[in-house]
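Just so it is clear, none of the values below were taken in a lab; they were calculated from the coordinates. No experiment lies behind these values; they were computed from the predicted model shown. For neighbour counting, all protein chains shown are included, and Cβ atoms are generated from backbone atoms with ideal geometry for every residue, glycine included.
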Amino acid sequence: MPGIGVGISPIFRSGGSFSPSSVPDLVAWYRADQGITLVGGRVQSWEDRSATGDTVEALIPSARPNFVASVPSLNGRPALEFVSTGAADPLNMALVSHGTLLTNSHTTTFVVCQLSSDVGMSAPVLTSDSTSPTPRVRCLFDAGLPGLRYEIATGPSLPDGPVDLDPHLVVGELGATGIIRIDGIETANGPLFALQYDGMTVGAGPPAGLPTDPPTYSWNGYISEICIYNRGLDLTSETAPLEAHFMAKYGI
């Protein structure tokens, strides 16, 4: 059932006149209202709407995410629902590609997401590189803090505060200096390694070994949209307008 975006209400198509493609160097753009291919009611692939065209796919049938046509907490918009059973399990859900995505080691990632539960979760990943070492945007369990906290990492990691179960816009700028922004507010910054993406995993970390191995550390909740830029963005003219666009679109 390709092209699930056809037939979805026009309100899901625009999100206003501003678009992620208005900002140069967009190299990955996945949005749940377009480019979804379903098999047996679950997501087999998710098209990249940027010029890169790096479609991510479920390499294991049991790892296909669910498609939810309307999530009330995300302004009634569609989302992919990922379900995790632990660190590494064949039932963990993920979408993976191994194409060349980025040529720059400084990147900026926007993710609209909502965690469903932190029970049993140790390091659920929103998006990452598909091979090791892996630039990634994730949560991490910290025994010294309650629950999970948002984190970006490229070797060293940069943590934010504890994560709740509300919808959020998570922005991670990964480079020699990393920055985390949650819902339009900078919450952390610090040194990271600068690493390139050479593929994409959505909703999990990379497979443990072979590409057909089960995904690791899957997300447990919704992902509605992901945008990745091949550089650090200007806060005033680029990051802030993008944040306003996503937050208005999803009611965050």
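Structure notes:
- Local net charge near T127, Cβ-Cβ under 10 Å (Lys/Arg +1, Asp/Glu -1): +1
- Residue-count net charge about A63 - beta-carbon cut-off 11 Å; Lys, Arg +1, Asp, Glu -1: -1
- Segment 182-252-segment 17-51 distance, computed between alpha-carbon centres (Å): 14 Å
- With the convex hull drawn around the C-alpha atoms of segment 38-79, the volume per residue stands at 78 Å³.
- Rg ratio (alpha-carbon, reference 2.2 N^0.38 Å) - the chain: 0.90
- Amide H contacts for G184 (H built 1.01 Å from N in the peptide plane; partners 5 or more residues away or on another chain; cut-off under 5 Å): none found.
- Longest site-free stretch - the chain; sites: chymotrypsin sites (Phe, Trp or Tyr not before Pro), DSSP loop, at most 16 other Cβ within 10 Å: 19-192
- Compared with the direct C-alpha span, the chain from H98 to S22 gains 24.7 nm at full extension, assuming 0.36 nm per residue.
- Interchain or long-range residues, amide H under 5 Å from S116's placed H: N220, G221, Y222
- Relative pair counts by distance (%), Cα atoms of segment 26-149, 5 Å bins: 2, 9, 18, 23, 22, 16, 7, 2, 0
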